[in-house]
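Enquirer: Here it is: the structure, laid out below.
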Amino acid sequence: MVGSDDLRRFLVRLIAIELAIAEEKVLAARSLREDLGMDSIHAANILFALEDELGIEFLEIPRVDTLAGIESAIREWAATRST
Amino acid sequence: LYDDDGVVVLASDAMRRAWVTGIGCVTPIGTGVEAFTESLRKGRPGIGPLTLIDPRPYACRVAAEVRDFVPEDHMPLREARSSPRVVQFAVAAARMARQHAGISRWRDPSRVAILLGSSIGSLTYSGAQLAIFLERGIRKVHPSFPAFGHSGVIASECAIQLGIRGQVLTISSACTSSADAIGWGRDLIAGGIADVVLCGGAEAPLSPIVFASFDRLGMMPSSFNDSPEAACRPFAADREGMVMGEGAAVLILESDDHVRERGGRPLAEVAGHGATCDADSHFTQKQDGEDAMLAIRLALERAGVAAEQIDYVNAHGTATPQNDPFETRVLRAVLGPAHRPFVSSTKSMVGHLLGACSAIEAAATVVAIQGAFVPPTLNLHHPDPECDLDYVPNEARSHSVEVALSTSFGFGSRNAALVLRRGDDGR
């Protein structure tokens with residue numbers, strides 16, 4: 001598993017590309033949906049890229065709305081893998 | 001306007017004319033109109049080893065691949081990473097065409113249309129997704145597949161990225177697709193339905209399933225795997241078939257008023273379009289050539305041009321055993337025994353782009369009109385005895401081109417012809 005700083009950088013870049021915005025805006029946003037206009041297709045693409053590039057397999061599709069929320073979904077997945 | 005027999009019943013001067021004012025292209029012989037022109041003039045082939053897919057299963061291992069294309073230079077990173085190659089070619093060509101025309105923003109986006117031809121369309125992308133699904137399961141199917149897995153996306157993605165809000169169509173009529181797109185583009189202008197039409201075509205067919213099918217049909221050469229540049233030999237006695245190519249070309253068409261009011265520069269006029277179908281074979285044309293001749297005659301008639309006025313024919317010239325003598329007979333019958341215009345096959349340089357071939361060839365024809373030169377037919381040292389026209393062998397010729405014809409024939413026994421004419425300095 002990548003370190004938490006690396007993971008955050010990876011996520012910020014991924015979201016910025018998907019939403020076609022600057023990375024600073026991703027870091028400043030409280031809600032990806034409300035502040036950055038992320039829709040369900042953007043969210044599906046972000047989750048797909050996480051699954052594809054990090055080898056994650058979410059059991060349930062997480063509700064993606066904040067950077068911290070995505071990070072915690074990834075941590076939960078990692079915890080189930082290690083037990 | 002035409003009656004049931006395709007005869008003009010409303011004089012052409014009562015209709016608006018369609019001017020080509022910009023060209024954008026992504027081709028195996030260069031991206032952008034300058035590189036494309038230079039290669040046509042120098043007779044530089046874009047055919048090389050097949051590298052985009054594993055060549056080992058095929059008898060033919062050559063292709064006309066686009067080698068200098070960087071998607072990120074033409075679109076946002078997200079689209080550059082996720083959209084199909086055919087869409088990337090189309091978007092890049094459309095952007096370059098608009099830039100070449102000197103249009104920075106649309107005066108009225110609802111009066112701008114885009115019509116792009118593609119035969120294979122999104123099949124390359126869909127085939128790859130299907131392979132992922134079969135090999136790795138449902139979780140690995142990309143969520144964007146519904147948006148990108150249909151051929152309509154080729155035109156709609158251009159519309160989204162360039163803010164085009166009129167008619168947005170992908171036309172799929174095999175190897176006549178983009179001649180039909182350009183012809184219908186002309187008609188949208190002529191009929192007052194649009195002021196600006198982006199028209200042309202895009203194709204990215206180099207996928208295992210498409211390549212395998214043409215290889216199994218025996219339509220592609222197998223003796224030139226070690227000398228790819230010699231593989232495409234239109235009208236030659238030792239020709240073996242077509243070389244599959246990829247890329248896109250988009251022309252900007254504008255009405256008289258639109259080009260005049262914004263101070264644009266007409267490069268040529270799309271003066272006429274004719275399209276017919278033999279309604280016969282899934283693959284080839286009927287050997288009597290009647291319907292093919294009719295398509296050319298309709299294009300001439302609609303342009304108000306006599307056959308003797310044609311200076312240059314950009315031929316379909318696929319280099320298959322079937323096409324070249326057939327096309328020669330058709331041209332001889334329509335143009336008359338005494339008239340000998342230049343006839344060349346630019347497929348010897350760019351390969352056969354299937355549904356985008358007529359777009360690349362219309363672009364090459366406009367370039368020829370503008371540059372006063374006739375692009376050559378490469379690899380023509382020993383013509384087929386049944387092919388007895390002036391095919392401009394091996395080297396371009398400097399010569400003015402006032403009126404040109406571009407011919408296309410496609411699977412489903414389709415025929416199409418375009419007449420392009422020099423602009424008389426803005427009318």
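Enquirer: Please work out the ratio of the alpha-carbon Rg of the protein assembly as shown to 2.2 N^0.38 Å and round it to two decimals.
Expert: Details: Rg = 24.6 Å, N = 510, 2.2 N^0.38 = 23.5 Å.
For the protein assembly as shown, the normalised Cα radius of gyration comes out at 1.05.
Enquirer: Sticking with this one: Quick one: what Rg and Dmax do you get for segment B:161-302 from the alpha carbons, in Å?
Expert: Computed over the Cα atoms of segment B:161-302, radius of gyration and Dmax are 18.7, 54 Å.
Enquirer: Quote the convex hull volume per residue of segment B:119-175, based on C-alpha atoms, as a whole number of Å³.
Expert: 83
Enquirer: For segment B:344-427, max minus min Cα coordinate along each principal axis, in Å, sorted largest first?
Expert: Projected onto its principal axes, the Cα set of segment B:344-427 covers 41, 32, 21 Å.
Enquirer: Right, another one. Only helical DSSP H runs with n ≥ 4 go in: add -39500 (n - 2.57) per run for chain B, normalise by residue count and round the 222 nm mean residue ellipticity to 500 deg cm²/dmol.
Expert: -9500 deg cm²/dmol
Enquirer: Once all Cα-Cα distances of segment B:299-343 are split into 5 Å bins that start at 0, what whole-number percent is in each one?
Expert: 5, 20, 30, 25, 14, 5, 1
Enquirer: Quickly estimate the mean residue ellipticity at 222 nm for chain A, helices only: each DSSP H run with n ≥ 4 gives -39500 (n - 2.57), and the total goes over all residues, rounded to 500.
Expert: -21500 deg cm²/dmol
Enquirer: Let me ask something else about it. Can you give me the pair-distance distribution of chain B, C-alpha pairs, 20 Å bins, whole percents?
Expert: Histogram of Cα-Cα distances, whole percents per bin: 29, 60, 11, 0.
Enquirer: Output the direction-averaged projected area (hull surface divided by four) of the convex hull of the alpha-carbon atoms of segment B:268-335, in nm². Mind showing how you got there, number by number?
Expert: Values: hull surface 19.6 nm².
That works out to 4.9 nm².
Enquirer: Using just the Cα positions, wrap segment B:172-251 in a convex hull and report its mean projected area in square nanometres, one decimal place.
Expert: Mean orientational projected area (segment B:172-251, Cα hull): 6.9 nm².
Enquirer: Here is a further query. Could you state the orientation-averaged shadow area of the convex hull built on the Cα atoms of segment B:223-289, in nm² to one decimal?
Expert: Reported value for the Cα convex hull: 8.6 nm².
Enquirer: Can you list residues whose amide H is under 5 Å from residue B:423's amide H, if they're 5+ apart or on another chain and H is modeled 1.01 Å from N?
Expert: Excluding prolines and chain starts, which carry no amide H, the hits are B:268, B:269.
Enquirer: Report, to two decimal places, the Cα Rg of segment B:263-417 normalised by 2.2 N^0.38 Å (N = number of residues).
Expert: Output field value: 0.97.
Enquirer: If you line up the Cα atoms of chain A on their principal axes, what length do they span on each, largest first, in Å?
Expert: Principal-axis extents of chain A (Cα, largest first): 36, 25, 20 Å.
Enquirer: Here's a follow-up. For segment B:13-147, what ratio Rg/Rh do Cα atoms give with a Kirkwood hydrodynamic radius?
Expert: Ratio value, two decimals: 1.03.
Enquirer: Follow-up. What is the fewest-to-most order of B:112, B:403 by other Cβ atoms lying within 10 Å of their Cβ?
Expert: Details: B:112 26, B:403 22.
Fewest-to-most ranking of B:112, B:403: B:403, B:112.
Enquirer: Compare B:386, B:157, B:246 in a GNM of chain B, Cα atoms joined below 10 Å, and give the one with the largest fluctuation.
Expert: B:386
Coordinate-derived values only; no laboratory data. The model shown is predicted, which means the values in this text are computed figures rather than measured ones. Quick reminder, even Gly has a Cβ in these numbers, built from the backbone with ideal geometry, and neighbours come from all protein chains shown.
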